[in-house]
Amino acid sequence: MDFSLGQDRQMLVDSLGRYLSANFDFSTREKALVSAEGFSRDMWAGLAELGVIGALFTEDAGGYGGDAFDIGAVFGEIGRAIALGPFLGTLMAGRILQAAGETDVIESLISGQTIVTFAHEPAIDGNGVMADPARATRAGDGWTVSGAKGVVPYLAGADVILVTAQGEGGASTFLVEKGADGVTATDYPLVDGGSAGELTMKDAPARLIGQAGQAQDAIDDAIAAGLVALSWEAVAVMDVLRASTLDYMKTRKQFGIPIGKFQALQHRMATVALEIEQARSAAINAAAMLNEEPVKRDRAASAAKYTVGKTGVLAAEEALQLHGGIGMTWELPLSHYAKRMIMIGSELGGEDEHLERFIALGQKAA
């Protein structure tokens, strides 16, 4: 079976790879991750000009891609460079806007003029208590939203926020201006770089995007696309961890010979390589199933997320152990790849959650 991306997508991958290599080296990343927004606006504008953001959306919405393998191709390069930016929030919010026919907002998003993030998960306080679901209320001809959302990606740099809230009849989606009355954002850095924030809304004015029923379908689709994106990003991160470790094993000597000569270590790296290929297959399968019926789509997505989470821990641990103490240092890029890999494991649900979901969906399909 041919698993190549095809000529057009390969051109996109090559262009994005060259851009990130030229404009986002490790020192540039260090500067970006300590900035107030957690990423470089200049780099984001450059990616928009290159057409990278447009590759995530369909032609009908103003983009020129939008297929699952377009998403995978972009996020694979993001993972290879551990690039910082609101990529996941842009993808997920954009999918919901695309489903609602909000082409004006998407065009502004694709051009890089507007940064949109996705606020879906409820906030959790210091005692582990989850906040009540956000609520939407009619206010004259419009709506207001009240509630709290947690770990909203790149909230500091967002212009508008795509918020999910319980409206009339169920979950609905709304656009909320970050600077609107009643909106409070508390930002913080993440362990792997970038930033997130806690969002609190109290009677914040909101624009309805999707009502109950249709909105839930769009939310589910956005989550599935996000899982595909994270799976491809994770595989790329694991590839770098493995390659960096193999290179180190050729130069680090013990007892006068490179440690790569030790058979026990060769076996450990062979296991890593085998597990990464399993994760790659799961990520490809998740992309292939993105447009299938919801049960098949979601089961493949959960299978991929579980697999990359489990394999990612193995790849990160082996890379750090075989590097020794130097593997944990800030100055070595490998430690940042390991942190990103562990963070991906918890985004949009961890291993246990997706294993349970995979089993439940299998029973539903039967």
Semi-axes of the equivalent ellipsoid for the chain, Cα gyration tensor, largest first, Å: 35, 22, 21
The chain: antiparallel DSSP beta bridges as a percent of all, rounded to 5: 90 percent
Residues of type lysines that Lys149 reaches as a straight line, Cα spacing below 17 Å, ignoring anything fewer than 8 places off in the same chain: Lys178, Lys202
The chain, relative contact order [Cα under 8 Å, separation at least 6], %: 15 percent
Nearest-ten-degree value, helix 214-251 long axis tilted from longest Cα axis of the chain: 20 degrees
Per-residue HN-Hα couplings for region 153-170 [Karplus 6.51, -1.76, 1.60; θ = phi - 60°; Hz; x = Gly/Pro]: x, 6, 4, 4, x, 6, 8, 9, 10, 8, 10, 9, 8, 7, x, 6, x, x
Rounded accessible area per residue of region 195-255, 1.4 Å, Å²: 41 Å²
Cα extents of region 312-366 along the three principal axes, largest first (Å): 50, 19, 11
Region 80-197 - Kirkwood radius from inverse mean 1/r over Cα pairs (Å): 15.0 Å
Qualifying lysines (Cα of each under 26 Å from Cα of Lys261; at least 8 residues distant if same chain): Lys250, Lys253
Loop chymotrypsin sites (Phe, Trp or Tyr not before Pro), region 64-171, which have at most 12 other Cβ atoms in a 10 Å radius of their Cβ (DSSP): none
Accessible surface of the chain [probe 1.4 Å, protein heavy atoms]: carbon and sulfur percent: 52 percent
³J(HN,Hα), Karplus 6.51/-1.76/1.60, whole Hz, each residue of region 63-79, x for Gly, Pro: x, 9, x, x, 6, 4, 7, 5, 4, x, 4, 5, 6, x, 5, 4, x
Cβ-placed point charges (K, R +1; D, E -1), dipole of the chain about Cα centre in debye, nearest 20: 1260 debye
Length added when fully stretched, Thr184-Gln254, from 0.36 nm per residue minus Cα-Cα: 19.7 nm
Restricting region 186-293 to chymotrypsin sites (Phe, Trp or Tyr not before Pro) in coil, as DSSP defines it, with at most 12 other Cβ within 10 Å: Phe255
222 nm mean residue ellipticity, helices alone, for the chain (DSSP H n ≥ 4; -39,500 (n - 2.57); rounded to 500): -18000 deg cm²/dmol
Potential extension, Ala22-Ala139 segment - 0.36 nm per residue separation minus Cα distance: 37.2 nm
Integer Hz, Karplus 6.51/-1.76/1.60 couplings in order for region 311-327, x for Gly and Pro: 5, x, 4, 4, 4, 5, 5, 5, 4, 5, 5, 6, 7, x, x, 4, x
At 1.567 mPa s and 4 °C, Stokes D of region 223-366 from Kirkwood alpha-carbon radius, µm² per second: 82 µm²/s
Amide proton proximity set for Leu190, modelled H, under 5 Å, gap of 5+: Ser195, Ala196
Probe 1.4 Å, accessible area per residue of region 109-167, Å²: 43 Å²
Estimated inter-spin distance, Asp220 and Met328, nm [label 7 Å along Cα→Cβ]: 4.5 nm
Net +/- balance of residues flanking Arg80 in space, Cβ distance below 14 Å, scoring K and R +1, D and E -1: 0
Cross-link reach list, aspartates and glutamates versus Lys296, counting only Cα pairs under 14 Å and skipping chain neighbours closer than eight places: Asp220, Asp221
Orientation-averaged projected area, Cα convex hull of region 1-124 (nm²): 9.1 nm²
Over region 145-250 - Rg/Rh using Cα atoms and the Kirkwood inverse-distance radius: 1.13
Estimated FRET transfer efficiency (Ala365, Asp67; beta-carbon r; R0 30 Å; 0.05): 0.80
Computed Kirkwood radius, in angstrom, where 1/r is averaged over Cα pairs of region 112-176: 12.6 Å
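The values are calculated or read from the model by the stated rules, or taken from the named source; none is laboratory data. Just so you know, these numbers come straight off a predicted model, no measurement behind them. Quick reminder, even Gly has a Cβ in these numbers, built from the backbone with ideal geometry, and neighbours come from all protein chains shown. The area values use the complete protein model at the heavy-atom level, side chains included, leaving out ligands, DNA and RNA. Shrake-Rupley method; radii C 1.70, N 1.55, O 1.52, S 1.80 Å.
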